[in-house]
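Scroll down for the structure; my scribbles are underneath it.
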């Protein structure tokens, strides 16, 4: 039963990922990305990471992909669909990625060969669950051992929000960039 | 006799995470549309998260999941900034094709 769920979610994640990078229409890509993220969220649930499952659904599917869809609507060019979608050197890139993939799978196989002597290898996918829930355990460690990185993350998010607003607002508000834009217009 | 497919071990998660990462890397390398390149970066980060959560499950330790939370926070910040840059770029150059943006090319 576990294996059935694993393969369902893995298939969803991989098929969504492949569709994301091959679709011509960016909206289709974003919808495939949602499928892939749901598959990964299901895998989190299988690994007893319920908090990450909720974060994945709320933040990634509810937040990031909606942001992507907004931006796709904003920069939507009808002729963009008719343009060439891939680089000229895509065969080279595919060969490079495939060879790195072979190396990675070889490394994983070697790691498994080394580790397979361990008695708990077969039950790797069924982690020991303690009495407390997953969220409580994460909160305990996050707010004691990782308190400083946590606060640094909040600073990062504030900087990112302010930066995104500054970057995306209309350029007319800044006198300096008006000149820069005029110069760019003359160049074109 | 243990089959290759049936008992789901850590290896399955590692191979899946590597596959997601490589598909994302391929997307970054071959696509011309900047929005899809940003989506591919999200795919790569998700592949890493699958690995971290799988190891966290193997060791019965939540540290891996906390690293995944930090990765998600950084990914969200990266998506916001990346899309902001994309909109600013689109306003100025009216294109989102990666190889048409060559202001720094001499």
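Odds and ends about this structure:
- Each residue in segment A:43-64 was checked for being more than 7 Å from chain B (Cβ to nearest Cβ) and surrounded by fewer than 19 Cβ atoms within 10 Å (Cβ to Cβ), and 7 of them qualify.
- One residue from B:55, B:21 being assigned to a helix (DSSP H, G or I), touching a helix residue (DSSP H, G or I) at 6+ places or on another chain (Cβ under 6 Å), surrounded by 23 or more Cβ atoms within 10 Å (Cβ to Cβ) and more than 7 Å from every other protein chain (Cβ to nearest Cβ): B:21
- Condition met for residue A:76 (farther than 24 Å from residue B:55 by Cβ and touching a helix residue (DSSP H, G or I) at 6+ places or on another chain (Cβ under 7 Å)): no
- Among the residues of this structure, residue A:67 counts as one that is surrounded by fewer than 24 Cβ atoms within 10 Å (Cβ to Cβ), at the interface with another protein chain (Cβ under 7 Å from one of its Cβ atoms), in contact with a helix residue (DSSP H, G or I) (Cβ under 9 Å, 6 or more places away or on another chain) and over 18 Å from residue B:48 (Cβ atoms).
- Residue within segment A:129-141 that is at the interface with chain B (Cβ under 10 Å from one of its Cβ atoms), at pLDDT below 80 and surrounded by fewer than 10 Cβ atoms within 10 Å (Cβ to Cβ) present: no
- Of all residues in segment A:23-40, those that are part of a helix (DSSP H, G or I), free of Cβ contacts under 8 Å to residues at least 24 places away in the same chain and out of contact with any strand residue (DSSP E or B) (no Cβ under 9 Å at 6 or more places or on another chain) total 4.
The values are calculated or read from the model by the stated rules, or taken from the named source; none is laboratory data. In this text the structure is predicted, and so the values were computed from the model without any measurement. All Cβ positions, glycine included, derive from the backbone under ideal geometry; neighbour counts span all protein chains shown.
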